[in-house]
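One structure is given here, and the rest of the page talks about it.
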Amino acid sequence: MASPEFERQKFSTRTIKLADYGLDILGYVIITNDKMIKEHPEVVRGFARATLRGLAYMIDHPDEAVDIAMTRFDGLNRDTERKRLEVWIPYLWNQDAQQYGLGHQSKERWEQTEDVLYRTGFNDKRIDPTTVYTTEFLSS
């Protein structure tokens, strides 16, 4: 993806897919903590549902999503934001999402992500992925 700002300055950009370099990790997750889950599960569920609904709407209506962002955030460039979505949407609406639903996260993908985080030194010790994620709040 070439950024309009960089194109005007005679620079070009490209998207680097980390998976092409052995870093195939989950890229979009919602993070909270055990206290929030225990004390306010309805808030966690509502936030997750609203996030997925918003992402689904953005995927189906990218031009409108850009219009909405333009009214809410100063300094955005419409062309840049549209191109950003052109790159981002395929990552969100990937093969897993198409087969299992938006937001799907498998144990295997979490294990793969944990392995990359450990191998690259992001995590200094191994973590059992089943202790740090749940899909409980993705269903209605």
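The table below lists the values:
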read-out	value
Residue check, Glu114 acidic (Asp, Glu) and touching a residue at least 24 places away in the same chain (Cβ under 8 Å)	no
Any hit, the range 106-124, residues being out of contact with any Asp or Glu (no Cβ under 7 Å at 6 or more places or on another chain), under 27 Å from Asp63 (Cβ atoms) and either of a type in the set (Phe, Trp, Tyr) or buried (at least 16 other Cβ atoms within 10 Å of the Cβ) (or both)	no
Complete set of residues in the range 27-86 that are closer than 14 Å to Tyr133 by Cα and of a type in the set (Ser, Thr, Tyr)	Tyr28, Thr32
When residues of the range 65-86 are limited to those that are under 17 Å from Leu55 (Cα atoms) and of a type in the set (Asp, Glu), the one surrounded by the most Cβ atoms within 10 Å (Cβ to Cβ)	Glu81
Within the range 120-140, considering residues that are assigned to a helix (DSSP H, G or I) and out of contact with any Leu (no Cβ under 9 Å at 6 or more places or on another chain), the one nearest to Ala19 (Cα to Cα)	Pro129
Criterion violated by Val44 - all others in (1) part of a helix (DSSP H, G or I); (2) surrounded by 15 or more Cβ atoms within 10 Å (Cβ to Cβ); (3) among the aliphatic types (A, V, I, L, M); (4) at pLDDT below 95 satisfied	(4)
Residues (charged (D, E, K, R) and either surrounded by 13 or more Cβ atoms within 10 Å (Cβ to Cβ) or under 11 Å from Leu102 (Cα atoms) (or both)) located in the range 50-64	Arg53
All positions within the range 71-99 that are under 19 Å from Asp24 (Cα atoms) and part of a helix (DSSP H, G or I)	Val87, Trp88, Ile89, Pro90, Tyr91, Leu92, Gln95, Asp96, Ala97, Gln98, Gln99
Failed item, numbered, when Thr32 is tested on (1) loosely packed, with under 12 Cβ neighbours inside 10 Å; (2) among the β-branched types (Val, Ile, Thr); (3) under 18 Å from Ser139 (Cβ atoms)	(1)
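The values are calculated or read from the model by the stated rules, or taken from the named source; none is laboratory data. All figures in this text were calculated on a predicted structure; none of them were measured in a lab. A quick note on method: Cβ atoms are made from the backbone with ideal geometry, for glycine too, and the neighbour counts reach across all protein chains shown.
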